[in-house]
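A.B. asks: One structure, as structure tokens, below. Some questions next.
Read the figures in this text as sums done on the coordinates, not as results from a lab. All values derive from a computational prediction rather than experimental measurement. Glycine also receives a Cβ, built like all others from the backbone with ideal geometry; neighbour counts cover every protein chain displayed.
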Amino acid sequence: MADDRFPDPPGRLWWGLRVWWMTAAMWTRSALAYRTSFVLMTVGNLAITAMDFVIIVVMFRNIHSMGGWDFHQVAFLYATSSFAIGLADMLVGSIDALGNRIRQGTLDGILVRPAPALAQMAADRFALRRLGRPLQAAVILLWSLSGLRVHWTWDRVLLVPGLLVCGTAIFVALFVGGSCLQFWASDAAEVQNSFTFGGATMIQYPPTVFAKELVAGAVFGIPLAFVNWLPALHILGQSDPLHLPEAFRFASPVAAALALAAAGLAWRAGLRAYRSTGS
């Protein structure tokens, strides 16, 4: 719902971020009221997500490389993918409950409040325990960087934090854009998960182990390749299976901006199509 107090886009953006922060802070205070439960759930969340990396470790006990990528290089892919999806899930992952709100009619209550509906939905039931996944990914990322045989130039150094920020933004866009399917099909949450968590699992592995058609779809369709595959080609000095122009390896900010813009348009279209319970 637009707020007439903020007619300009920067003002609306600032108001939306403030609403998100206040809502997230409310749920965080609620969770911290039961500190033991919070700690146990955070540790459990971290342990569950760590199993993905354990699988990679087990595989590399029997192989020396995967599609021409060594253990530290695959660990770099895993860490960057897991960090981006983990942080995006913590920031806006609650939006996957949109379908339930539509079926139950509780979305109407959000729409009549004088605050952006997207900010309210993204921060609804904010779970700080989800921080376990990006923290675990950050530790693995630091470890993988220490073992990479890379000549660190200024562009490679800047690409690492750049891909983390842009990758998170791309997954935020996928969470929001995917959730908009639930305006028309309220039980489409699993379709959204196939692009978010399913996509994050795919890009944990080198692009050279997948068919070129699938890699091309991650470049020109759902922009998952811009999360880490394409920047990693430049950082790690790997060859591009699609032989794309060199500029694609630095295009993650452009892909993230376009993805966020598309997600914003999809959200606006979904709100216009919404006709209360059962729509």
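A.B. asks: Could you give the size of the charge dipole of the chain about its Cα centre, using +1 on the Cβ of each K and R and -1 on the Cβ of each D and E, expressed in debye and rounded to the nearest 20?
C.D. replies: That gives the chain a dipole magnitude of about 620 debye.
A.B. asks: How high is the relative contact order of the stretch 9-273, in percent, counting Cα pairs under 8 Å that sit 6 or more residues apart?
C.D. replies: Worked out over the stretch 9-273, it gives 26 percent.
A.B. asks: Here is a further query. May I ask for the angle, rounded to the nearest 10°, between helix 71-92 and the longest principal axis of the chain, with both axes built from Cα atoms and the value confined to 0 to 90°?
C.D. replies: Once rounded, one gets 10 degrees.
A.B. asks: Could you list log10 I(q)/I(0) for the chain at q = 0.07 Å⁻¹, which the Debye formula gives when each Cα is one point scatterer?
C.D. replies: The calculated log intensity ratios at q = 0.07 Å⁻¹ are -0.28.
A.B. asks: Can I ask one more? Report the residues of the stretch 94-110 in range of a label on ASN193: point 7 Å along Cα→C-beta, backbone N strictly under 15 Å from it.
C.D. replies: 94-100
A.B. asks: I would also like to ask the following. Just order 105-114, 215-224, 137-146 by mean Cβ neighbour count inside 10 Å, highest at the front, would you?
C.D. replies: 215-224, 137-146, 105-114
A.B. asks: In addition: Given axes a ≥ b ≥ c from the Cα gyration tensor, I'd like to know whether the stretch 80-230 is rounded (a/c under 1.5), prolate (a/b larger than b/c) or oblate.
C.D. replies: prolate
A.B. asks: Which length gain, in nm to one decimal place, applies between SER37 and LEU214 when the Cα-Cα distance is subtracted from 0.36 nm times their residue separation? Walk me through the intermediate numbers first.
C.D. replies: Details: separation 177, 0.36 × 177 = 63.72 nm, distance 4.16 nm.
Roughly 59.6 nm would be gained on extension.
A.B. asks: In whole percent, what relative contact order does the stretch 212-279 give with Cα contacts below 8 Å and a gap of six or more residues?
C.D. replies: Value for the stretch 212-279: 27 percent.
A.B. asks: Which whole-number percent gives the relative contact order of the stretch 146-242, counting Cα pairs below 8 Å spaced six or more residues apart?
C.D. replies: Numbers: 65 pairs, mean separation 34.3, N = 97.
Computed value for the stretch 146-242: 35 percent relative contact order.
A.B. asks: Given TRP267, ALA169, SER30, which one lies farthest toward the positive end of the charge dipole of the chain, if we put +1 on the Cβ of every Lys and Arg and -1 on the Cβ of every Asp and Glu?
C.D. replies: Farthest towards the positive pole: SER30.
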